[in-house]
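Participant: Below: one structure in structure tokens.
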Amino acid sequence: MDITPRQLKLLAYVIEQHGTQKRKYNFEPYWFHLVRVGVKLETLIPLGTEVGLCHDLIEDVPGLTLAVLTAALDSFGYSKHEVDYIVTLVKDLTDVYTPEAYPNLNRSERKKLEAHRLWFIEPNAQTAKYVDLEDNTSTIVPYDPDFARIYLLEKDYILSKMNKGKASMYDAICELVRESKRKVGL
């Protein structure tokens with residue numbers, strides 16, 4: 001992966017924002033996940049590297065807003081059009097039905113509402129979600145097969161109608177979920 005000066009600035013920003021956050025199962029720095037998603041998205045959607053690096057910022061960094069992300073991207077030299085595109089996809093990829101926002105709903109209810117929302121997000125955002133799910137599945141299934149059973153059924157439901165992204169990635173994530181379900185006995 002060739003990295004441009006503005007992508008390097010963005011990577012440094014993302015690393016700083018995520019701070020000492022670690023992945024739940026393998027305890028690697030969280031930003032490793034973001035880089036993997038960005039590298040895979042680089043050839044799949046416009047500004048895929050940037051979308052991959054930013055996709056969890058709003059969801060996982062307390063107090064970080066879309067306005068703050070917009071200002072940061074602008075300061076790194078992205079055009080207004082590029083900033084609007086990246087921020088739109090990040091917004092699409094940010095969970096809305098969280099326990100904090102909907103404390104009266106249980107996990108199952110929140111995940112169903114989130115799935116319904118994801119079915120209608122922009123096709124490039126759906127492609128980014130496929131890549132995110134692929135990377136998440138690669139750690140959840142081997143490290144926590146009990147939770148993987150719940151997780152995979154939720155993802156299967158999401159994917160049942162979140163099918164407007166890049167067809168090759170959609171087919172790949174659907175196959176990975178099917179294969180992973182077999183591995184955990186579903």
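The values are calculated or read from the model by the stated rules, or taken from the named source; none is laboratory data. Just so we're clear, the structure is a prediction, and the values are computed from it rather than from any experiment. Positions of Cβ are generated from backbone atoms using ideal geometry, with glycine treated the same way; all protein chains shown enter the neighbour counts. Ligands, DNA and RNA are stripped out before the accessible areas are found, and what is left, the full protein with its side chains, is counted by its heavy atoms. Shrake-Rupley method; radii C 1.70, N 1.55, O 1.52, S 1.80 Å.
Participant: Just to be sure before I move on: is P99 open to solvent by 20 Å² or more (accessible area, probe 1.4 Å) and in a helix (DSSP H, G or I) in the structure I sent?
Facilitator: Values: open to solvent by 20 Å² or more (accessible area, probe 1.4 Å): yes; in a helix (DSSP H, G or I): no.
So P99 does not fit the description; no.
Participant: Now for a different question. Just to be sure I understand, how many residues within the stretch 1-22 are open to solvent by less than 40 Å² (accessible area, probe 1.4 Å) and either in contact with a strand residue (DSSP E or B) (Cβ under 8 Å, 6 or more places away or on another chain) or β-branched (V, I, T) (or both)?
Facilitator: 2
Participant: Another question, then. Would you please name the residue that is surrounded by the fewest Cβ atoms within 10 Å (Cβ to Cβ), looking only at residues in the stretch 156-186 that are more than 20 Å from T43 (Cβ to Cβ) and basic (K, R)?
Facilitator: Once the filter is applied, the top-ranked residue is R182.
Participant: Then there is this: Given the conditions (1) in contact with a Gly (Cβ under 7 Å, 6 or more places away or on another chain); (2) under 24 Å from P5 (Cβ atoms), report the number of the one that Q126 does not fulfil.
Facilitator: Status for Q126: all satisfied but (2).
Participant: Would you mind telling me which numbered condition in (1) out of contact with any Asp or Glu (no Cβ under 9 Å at 6 or more places or on another chain); (2) modelled with pLDDT of 95 or more; (3) open to solvent by less than 70 Å² (accessible area, probe 1.4 Å) H33 fails?
Facilitator: Status for H33: all satisfied but (1).
Participant: Let me ask you something else. Inside the stretch 1-55, counting only helices (runs of 4 or more DSSP H) that do not spill past its ends, which hold 2 or more residues that are polar (S, T, N, Q)?
Facilitator: 5-18
Participant: Moving on to the next point. Restricting the search to the stretch 76-86, which residues are without any contact (Cβ under 8 Å) to a residue 24 or more places away in the chain and either outside any loop (DSSP other than H, G, I, E, B) or touching a His at 6+ places or on another chain (Cβ under 9 Å) (or both)? I'd like the intermediate steps shown before the answer.
Facilitator: Looking only at the stretch 76-86, we keep the residues that are without any contact (Cβ under 8 Å) to a residue 24 or more places away in the chain, and these are 79-81, 83-84.
Hits for the stretch 76-86 are K80, H81, V83, D84.
Participant: Kindly provide the set of residues from the stretch 30-56 that are free of Cβ contacts under 8 Å to residues at least 12 places away in the same chain and not hydrophobic (A, V, I, L, M, F, W, C), ordered by number.
Facilitator: The answer is T43, and nothing else.
Participant: Return the pair list, or none, for Cβ contacts closer than 7 Å from residues in the stretch 126-149 that are free of Cβ contacts under 8 Å to residues at least 60 places away in the same chain and within 12 Å of L176 (Cβ to Cβ) to residues that are charged (D, E, K, R) and open to solvent by less than 50 Å² (accessible area, probe 1.4 Å), at least 6 apart or on different chains.
Facilitator: Hits for this filter: L133/K155.
Participant: Identify the residue in the stretch 84-96 that is β-branched (V, I, T) and either at pLDDT below 95 or more than 18 Å from L11 (Cβ to Cβ) (or both) and, among all such residues, is least open to solvent (accessible area, probe 1.4 Å).
Facilitator: Once the filter is applied, the top-ranked residue is T94.
Participant: Could you check the stretch 116-150 and list, in sequence order, the residues that are aliphatic (A, V, I, L, M) and surrounded by 17 or more Cβ atoms within 10 Å (Cβ to Cβ)?
Facilitator: Correct list: L118, I121, A125, A128, V131, L133, I140, V141, A148.
Participant: What residue, of L113, L153, is among the hydrophobic types (A, V, I, L, M, F, W, C), open to solvent by 30 Å² or more (accessible area, probe 1.4 Å), in contact with a Leu (Cβ under 9 Å, 6 or more places away or on another chain) and touching a residue at least 24 places away in the same chain (Cβ under 8 Å)? Before you say what the answer is, go through the steps one by one.
Facilitator: Numbers: L113 fails: touching a residue at least 24 places away in the same chain (Cβ under 8 Å).
Being among the hydrophobic types (A, V, I, L, M, F, W, C), open to solvent by 30 Å² or more (accessible area, probe 1.4 Å), in contact with a Leu (Cβ under 9 Å, 6 or more places away or on another chain) and touching a residue at least 24 places away in the same chain (Cβ under 8 Å) holds for just one of L113, L153, which is L153.
Participant: May I ask you to list the residues in the stretch 54-83 that are open to solvent by 70 Å² or more (accessible area, probe 1.4 Å) and either within 19 Å of R6 (Cβ to Cβ) or hydroxyl-bearing (S, T, Y) (or both)?
Facilitator: D74, S75, K80, H81
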